[in-house]
Amino acid sequence: MSEIKQNTDTVAPVQHLVLHKTVVLVGMMGAGKTAVGRALALRLGVPFLDSDAEIESAANMTIPEIFERDGEPFFRAKESQVIGRLLDEEKGILSTGGGAFLSEQNRRMITERGVSVWLNADLNVLWNRVKHKDTRPLLRTDDPYATLRGIYEARVPVYQQADLTVTSDGEISIDNMVGRVVEALLKRPDVLEQK
């Protein structure tokens, strides 16, 4: 039996991506923060964290239940605590709720201890993604599209303050979106480095 040898001279070295700071995905509901975040974490080999999931787990309630029982101000206070704790844990990809970045305290904390990436999807893309879901407490109104438009118009100027912006046009796959995010992050070697 002969031994097969691989010619290692012609094999390109594997490029490793090293994450130096937690990447915090921000943006509207339906922008793809969770789906893109999970795939990005997998590609980089780092943990995926979700502030909403952490809040639900700690409270043993869903976000809509927390909103209904305790109100939005209570939820936002808990959200800030959870984001702070997650930023102090192992570096990874952190998906946040759509309203998390509106808090100046959260924006400052994220910029100081991580990097914010706005997944920028236009209103029609967002509407197509959320219109059939009843898990969005802010859209439980008589005219959810008008409500979404109002939220969108109010929040976009705040999201524009994110450290990086990646366009989510609704036409490309999650894998290609992850590629766009990686490309943006590589422009910040203090965040993501290719070795």
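The values are calculated or read from the model by the stated rules, or taken from the named source; none is laboratory data. Small disclaimer: the values here were computed from a predicted structure and weren't measured. In this analysis, Cβ positions are derived from the backbone assuming ideal geometry, glycine residues included, and neighbour counts consider all displayed protein chains.
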Query - Residue check, Asn124 more than 19 Å from the chain's Cα centre (by Cα), part of a helix (DSSP H, G or I), of a type outside the set (Val, Ile, Thr) and surrounded by fewer than 17 Cβ atoms within 10 Å (Cβ to Cβ) - result: yes
Requested in this report: Look through Gly97, Gly84, Gly45, Gly92 and report the one residue that is surrounded by 17 or more Cβ atoms within 10 Å (Cβ to Cβ) and farther than 21 Å from Arg155 by Cα.
Outcome: Gly92
Query raised in the report: Which one of Thr165, Thr147 is more than 23 Å from Leu49 (Cβ to Cβ) and surrounded by 14 or more Cβ atoms within 10 Å (Cβ to Cβ)?
Result: Thr147
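Yes or no, residue by residue, for (1) touching a helix residue (DSSP H, G or I) at 6+ places or on another chain (Cβ under 9 Å); (2) at pLDDT below 90:
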position	(1), (2)
Glu3	no, yes
Pro13	no, yes
Val23	yes, no
Ala39	yes, no
Val46	yes, no
Asp50	yes, no
Asn60	no, no
Query - From the options Leu86, Leu49, residue that is in contact (Cβ under 8 Å) with a residue 60 or more places away in the chain and under 26 Å from Gln194 (Cβ atoms) - result: Leu86
Query - Hits in the range 71-101 (condition: among the acidic types (Asp, Glu) and either outside any helix (DSSP H, G or I) or at pLDDT below 90 (or both)) - result: Glu72, Glu89, Glu90
Query raised in the report: Tell me, which residue of the range 168-195 that is touching a strand residue (DSSP E or B) at 6+ places or on another chain (Cβ under 8 Å), within 27 Å of Leu126 (Cα to Cα) and β-branched (Val, Ile, Thr) is surrounded by the fewest Cβ atoms within 10 Å (Cβ to Cβ)?
Result: Val182
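Which one is nearest to Gln105 (Cα to Cα), of the residues in the range 156-195 that are in a loop (DSSP other than H, G, I, E, B), among the polar types (S, T, N, Q) and at pLDDT 95 or above?
If we take residues in the range 156-195 being in a loop (DSSP other than H, G, I, E, B), among the polar types (S, T, N, Q) and at pLDDT 95 or above, then Gln161 is nearest to Gln105 (Cα to Cα).
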